[in-house]
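In what follows, a structure is listed as C-alpha cells, so that the remarks can point back to it.
The values are calculated or read from the model by the stated rules, or taken from the named source; none is laboratory data. Keep in mind it's a predicted model, so treat the numbers as computed, not measured. Cβ atoms come from the backbone with ideal geometry, glycine included; neighbour counts cover every protein chain shown.
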Amino acid sequence: MHTMTTASVNVTVETELINLHETPRKSVSQPFRVHAFSSSHQDEVLAFLAQRPIHTVFMAGLIRDNGLVHIANRGTFYGCRDRSNRLIGVALIGSKTIIEAREYSALEILSALIPNNLTSHLVRGEQQQMKYILDKYAAAGRKPRQLTHEILLQQQTPAADVLAEPQLRLAQSEDLESVVNINAELGFEESGIDPLTEDSPGMWARAARRIDQDRVWILMDQGQVIFKADIISETPQTVFVEGVYVRPDARRQGHGLRCMTQLARKLLEHHGSICLVVNEENKRAFAFYQKVGYEVRSAYSTAYFSAV
C-alpha cells in the first residue's frame with residue numbers, strides 16, 4: 001500500500017503488484033522461457049488473467065472477443081514460463097502494450113521485448129511496473145511523447161441514492177457518426193493526436209463493431225448525443241468502461257450521474273464489477289466517480305509514443 005499525493009487528488013492505493021524494489025539482476029538465466037502463444041493456450045491464459053480480473057480485463061476481453069491469435073488484437077500475446085513450465089507472465093505487445101507479471105523474472109523478460117515494437121503507441125501498467133518498463137525504453141533510446149498518471153477505480157454496487165436515467169439506451173448503426181466524432185474528440189484530449197487523422201478507417205471499424213456488440217450506451221436529446229459511454233472490454237468478472245462523455249452545454253445538470261447510475265445497474269446484473277481509469281490530476285472527475293460509487297484500487301501510468 002502507498003499514498004499517492006498530487007496537486008488534485010490524495011488517495012491511498014492498494015497494490016497487488018509483485019515487489020519491484022528488489023535489486024534487478026543483470027540477466028535472467030534459463031530455464032525461464034518466453035514464447036508467442038498459439039490458439040491452443042487460450043484456456044490457460046484466460047485462467048491466468050482471471051486471477052487479477054480488474055487489472056487484466058483489457059487483455060482477457062480481447063481474447064474472449066477475438067481469440068488468442070487474431071489480427072483484431074492489434075498485437076501478439078506472449079507468455080513467460082518458469083522451470084516447471086508454469087505460466088508466470090502474459091504480455092500483449094502491439095499497438096497497445098500491457099504486461100501482467102507475477103514474478104520479477106517475468107517482468108524483466110517480457111519488458112525486453114517491447115522497445116523493439118515500433119507499432120506501439122500506448123503502453124499502460126501499474127506505476128511501479130511502468131517505471132521499470134520505461135527504463136527499458138530509455139535504454140533503447142525511446143522516450144514517450146506524453147506520460148499520464150491515472151487511478152484505477154472499481155464499482156461493485158450501484159449508487160442507491162441516485163435517480164437513474166430511463167432514456168439511456170444502446171447506440172444503433174445510425175448513431176455511428178456521432179459516436180466516432182465524440183471518440184475522436186476524447187482521443188485528442190487524452191493523447192494530443194487526432195485519431196481520425198492517424199487511423200480513420202480503423203477507428204470507424206472499431207466503433208461500428210462495438211455498437212454491433214451492444215457496448216456503446218448513449219442518451220439523446222433533440223437528436224444529439226448528450227451522454228456516451230463505451231464498454232471497451234468485458235469478462236464474467238468485470239467490465240472496463242472508457243470514453244465517458246457529457247456534451248459541454250449539458251454538464252452540471254445531473255445527466256452524467258444519472259446515466260452512470262443506470263449503466264451500473266444494467267452492467268452489474270451480469271458482471272461482478274465495473275472498472276475505469278481517471279487522470280489523477282482531474283479532481284472533478286475523480287469526485288464524480290466517487291459519488292457514482294467507484295472506489296480506488298491502484299495507481300496506473302500510460303505512456304504515449306510517436307510512430308517510428
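Is it fair to say GLN237 is free of Cβ contacts under 8 Å to residues at least 12 places away in the same chain, under 25 Å from GLN155 (Cα atoms), of a type outside the set (Lys, Arg) and assigned by TED's automatic domain parsing to the domain that holds GLU190?
Criteria not met by GLN237.
Can you tell which of ALA160, ALA138, ALA184 is under 16 Å from VAL246 (Cα atoms) and hydrophobic (A, V, I, L, M, F, W, C)?
The match here is ALA184.
Would you mind telling me which numbered condition in (1) at pLDDT 95 or above; (2) outside any strand (DSSP E or B) THR197 fails?
Just one mismatch for THR197, condition (1).
Mind checking which residues of region 58-101 are part of a helix (DSSP H, G or I) and either crowded, with 19+ Cβ neighbours inside 10 Å or under 18 Å from the mean Cα position of the chain (by Cα) (or both)?
PHE58, MET59, ALA60, GLY61, LEU62, ILE63, ARG64, ASP65, ASN66, ALA72, ASN73
Looking at GLY141, GLY125, can you tell me which residue is under 24 Å from HIS271 (Cβ atoms) and either out of contact with any Asp or Glu (no Cβ under 6 Å at 6 or more places or on another chain) or surrounded by fewer than 18 Cβ atoms within 10 Å (Cβ to Cβ) (or both)?
Unique residue meeting the criteria: GLY125.
Could you say which residue among ALA229, ALA207, ALA184 is modelled with pLDDT of 90 or more, within 19 Å of GLY293 (Cβ to Cβ) and either among the acidic types (Asp, Glu) or within 19 Å of the chain's Cα centre (by Cα) (or both)?
ALA229 is the lone residue from the list that is modelled with pLDDT of 90 or more, within 19 Å of GLY293 (Cβ to Cβ) and either among the acidic types (Asp, Glu) or within 19 Å of the chain's Cα centre (by Cα) (or both).
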